[in-house]
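Encoded as structure tokens, the structure appears first; notes follow it.
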Amino acid sequence: MAKEFELNEVEVWDGNYAASQALRQAQVDVVAAYPITPSTPIVEGYGSYVANGYIDGEFVMVESEHGAMSGCVGASAAGGRVATATSSQGFALMTEVLYQASGMRLPIVLTVVNRALASPLNVRGDHSDMYLGRDSGWIQLDAFNPQEAYDLTLCAFRIGEHLDVRLPVMVHQDGFTTSHKAQNVTPLKDDVAYKFVGDYVPVNDMLDFSRPVTHGAQTEEDWHFEHKARQHKALMDSRTVIDEVLSEFKSLTGREYNRVESYYMEDAEVAIVALGSSVETAALAAKQLREEEGIKAGVVAPRCFRPFPYDLIRETLDRPTLKAVCCMDKSAPGGAMGALFNEVSAAAYTTASRPMITNYIYGLGGRDFAVEEAKRIFKEQKAHADAGHITTPIQQFSGVRGPRLGFFETRRG
């Protein structure tokens with residue numbers, strides 16, 4: 001007999017609505033927010049739930065995204081379950097306070113609807129803001145579709161609030177491609193979702209007058225190093241908790257998530273490594289190439305961008321069949337190789353197989369990434385594999401108009 005799970009009927013939700021429903025079911029105490037496209041419906045939804053009595057919480061409108069995260073820091077330090085949402089320029093303005101939240105070990109949940117950073121101004125989705133936050137000390141989870149935006153937001157509360165973690169968590173989804181795309185979503189029942197998240201347990205809250213604490217203390221060379229080392233250790237140790245929470249969520253719902261997802265990698269000769277909604281496009285392209293042309297293509301997708309799953313990426317890429325890998329970076333590299341390329345290359349360098357790795361910059365400002373383009377990239381990797389060396393510039397721009405842009409020519413001999 002198939003196991004029955006505590007699920008509601010299938011709904012049709014976009015990614016923003018899915019995330020807002022997760023905030024409602026988690027019974028978030030405070031959302032401090034400043035609206036910005038394309039994440040506005042998340043906090044707008046929470047505000048409507050408060051206004052209509054579905055949540056006994058507080059929706060605080062502030063003057064900027066810097067003020068939004070500052071309000072979240074204060075509310076979390078006071079002992080509340082806290083969340084907010086932002087995108088792009090708002091995320092950039094928030095960045096200063098992101099470091100405050102993580103350094104103070106406050107388990108705030110931030111739903112980030114990824115969008116390009118200006119200039120020029122653009123409201124469409126790429127991963128510029130995701131990459132901007134990668135060194136801020138937050139756990140970063142990546143949703144590929146609305147169902148995952150809902151599921152991972154619920155998991156984020158469990159992970160960040162765990163007493164062995166106590167760190168803030170971001171849940172990313174692609175602007176418009178996920179946030180505004182309606183798909184089937186199967187939510188948990190309200191009571192089941194809240195039971196999974198659990199009651200909030202304050203730690204070192206400012207309103208516990210029986211045990212006074214200091215938040216935001218100043219440390220110089222005497223203790224700053226030790227503080228940051230312990231913070232980093234907590235972030236790295238959170239890997240165990242993330243795995244445990246995702247495993248428990250699978251038991252509850254039947255939906256499985258891993259810190260690194262892989263598709264068709266068992267015998268893959270060529271692979272794409274990507275983030276976000278592009279993963280589903282690449283996986284479909286790999287499936288079709290296998291069926292139509294016999295090209296053994298696979299896809300690797302880091303679900304947990306921070307802490308970066310170095311060991312799991314290395315394990316996934318360390319297979320004798322794999323010859324060529326393309327790392328897809330959906331962010332302007334700013335005069336360097338893409339951030340995902342750099343991290344995946346570091347992991348692959350320590351493998352026995354040492355596959356060839358190239359870097360594609362793609363999808364900037366919301367430029368579409370189609371199945372046919374994914375197939376072309378796979379075929380280019382196959383050409384590298386057949387030749388035994390990289391046959392193109394190591395870094396290329398995919399889908400840009402005009403002359404084909406490539407950098408860092410390969411040298412042989």
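The values are calculated or read from the model by the stated rules, or taken from the named source; none is laboratory data. Because the structure is predicted, anything quoted here is derived from the model rather than measured. Cβ atoms come from the backbone with ideal geometry, glycine included; neighbour counts cover every protein chain shown.
Name the one entry in D191, D164 that is touching a residue at least 60 places away in the same chain (Cβ under 8 Å) and either part of a loop (DSSP other than H, G, I, E, B) or closer than 26 Å to D56 by Cβ (or both).
Unique residue meeting the criteria: D164.
Does segment 48-67 hold any residues that are in a helix (DSSP H, G or I), in contact (Cβ under 8 Å) with a residue 24 or more places away in the chain and farther than 15 Å from E96 by Cβ, and which are they? Please lay out each step first, then the result.
Just the residues of segment 48-67 that are in a helix (DSSP H, G or I), to begin with: 48-51, 65-67.
Filter once more, so that each one left must be in contact (Cβ under 8 Å) with a residue 24 or more places away in the chain: 49, 65-67.
Across segment 48-67, the qualifying residue is only Y49.
Taking I242 as meeting all but one of (1) closer than 23 Å to P320 by Cα; (2) under 18 Å from the mean Cα position of the chain (by Cα); (3) assigned to a helix (DSSP H, G or I), write down the number of the exception.
Just one mismatch for I242, condition (1).
Scan segment 68-107 for residues that are of a type in the set (S, T, Y) and not in a helix (DSSP H, G or I) and report the count.
Qualifying residue count for the region: 3.
Sort out which residues of segment 161-191 are of a type in the set (V, I, T) and within 10 Å of N145 (Cα to Cα), and write them in order of number.
Pass one, segment 161-191, residues of a type in the set (V, I, T): 165, 169, 171, 177-178, 185-186.
The answer is T177, T178, V185.
Please work out which residue is farthest from G338 (Cα to Cα), limiting yourself to segment 373-385 and to residues that are surrounded by fewer than 17 Cβ atoms within 10 Å (Cβ to Cβ) and free of Cβ contacts under 8 Å to residues at least 40 places away in the same chain.
Step one: of segment 373-385, the residues surrounded by fewer than 17 Cβ atoms within 10 Å (Cβ to Cβ) are 376, 379, 383.
Checking which are free of Cβ contacts under 8 Å to residues at least 40 places away in the same chain leaves us with 376, 383.
Numbers: R376: 20, A383: 22 Å.
The qualifying residue farthest from G338 (Cα to Cα) is A383.
Looking at (1) surrounded by fewer than 18 Cβ atoms within 10 Å (Cβ to Cβ); (2) in contact with a Phe, Trp or Tyr (Cβ under 9 Å, 6 or more places away or on another chain), which is the one condition that is false for P41?
With respect to (1) surrounded by fewer than 18 Cβ atoms within 10 Å (Cβ to Cβ); (2) in contact with a Phe, Trp or Tyr (Cβ under 9 Å, 6 or more places away or on another chain), P41 is out only on (1).
Any chance you could count how many residues in segment 292-344 are of a type in the set (F, W, Y) and crowded, with 24+ Cβ neighbours inside 10 Å? Full working, then the answer.
We begin by selecting, within segment 292-344, every residue of a type in the set (F, W, Y); these are 305, 308, 310, 341.
Filter once more, so that each one left must be crowded, with 24+ Cβ neighbours inside 10 Å: 305, 341.
Total meeting the criteria: 2.
Here are some residues: L246, L275, L289. Which one is assigned by TED's automatic domain parsing to the domain that holds D190, surrounded by 20 or more Cβ atoms within 10 Å (Cβ to Cβ) and touching a Phe, Trp or Tyr at 6+ places or on another chain (Cβ under 8 Å)? Spell out the reasoning first.
Values: L275 fails: assigned by TED's automatic domain parsing to the domain that holds D190; L289 fails: assigned by TED's automatic domain parsing to the domain that holds D190.
Just one listed residue meets the conditions, L246.
Could we say that D267 is free of Cβ contacts under 8 Å to residues at least 60 places away in the same chain, part of a loop (DSSP other than H, G, I, E, B) and either under 22 Å from the mean Cα position of the chain (by Cα) or not assigned by TED's automatic domain parsing to the domain that holds C72 (or both) here?
Numbers: free of Cβ contacts under 8 Å to residues at least 60 places away in the same chain: yes; part of a loop (DSSP other than H, G, I, E, B): yes; either under 22 Å from the mean Cα position of the chain (by Cα) or not assigned by TED's automatic domain parsing to the domain that holds C72 (or both): yes.
The answer is yes for D267.
Of all residues in segment 304-362, which are at pLDDT below 95 and among the hydroxyl-bearing types (S, T, Y)?
Within segment 304-362, Y349, T350, T351, S353 meet the criteria.
If I ask for residues that are touching a Lys or Arg at 6+ places or on another chain (Cβ under 7 Å), within 30 Å of H162 (Cα to Cα) and assigned to a loop (DSSP other than H, G, I, E, B), which ones from segment 108-140 would you list? It would help to see each step written out before you state the result.
Quick first cut of segment 108-140, residues touching a Lys or Arg at 6+ places or on another chain (Cβ under 7 Å) only: 115-116, 123-127, 129, 134, 138-140.
Of the ones still in play, those that are also within 30 Å of H162 (Cα to Cα) are 115, 127, 129, 134, 138-140.
Within segment 108-140, R115, H127, R134, W138 qualify.
From the list T214, T219, T177, pick out the single residue that is touching a residue at least 40 places away in the same chain (Cβ under 8 Å) and in a loop (DSSP other than H, G, I, E, B).
Values: T214 fails: touching a residue at least 40 places away in the same chain (Cβ under 8 Å); T219 fails: touching a residue at least 40 places away in the same chain (Cβ under 8 Å).
Answer to the selection: T177.
From the list A332, A339, A324, pick out the single residue that is farther than 23 Å from D142 by Cα, assigned by TED's automatic domain parsing to the domain that holds C304, among the small types (G, A, S) and in contact (Cβ under 8 Å) with a residue 40 or more places away in the chain.
After applying the criteria, what remains is A324.
Output the residue which, of all residues in segment 61-109 that are of a type in the set (S, T, Y) and within 18 Å of the chain's Cα centre (by Cα), is surrounded by the fewest Cβ atoms within 10 Å (Cβ to Cβ). Before you say what the answer is, go through the steps one by one.
Taking segment 61-109 and keeping what is of a type in the set (S, T, Y), we get 64, 70, 76, 84, 86-88, 95, 99, 102.
Among the residues that remain, those that are also within 18 Å of the chain's Cα centre (by Cα) are: 84, 86-88, 95, 99, 102.
On the way: T84: 30, T86: 28, S87: 27, S88: 29, T95: 16, Y99: 14, S102: 21.
The extreme case among them is Y99.
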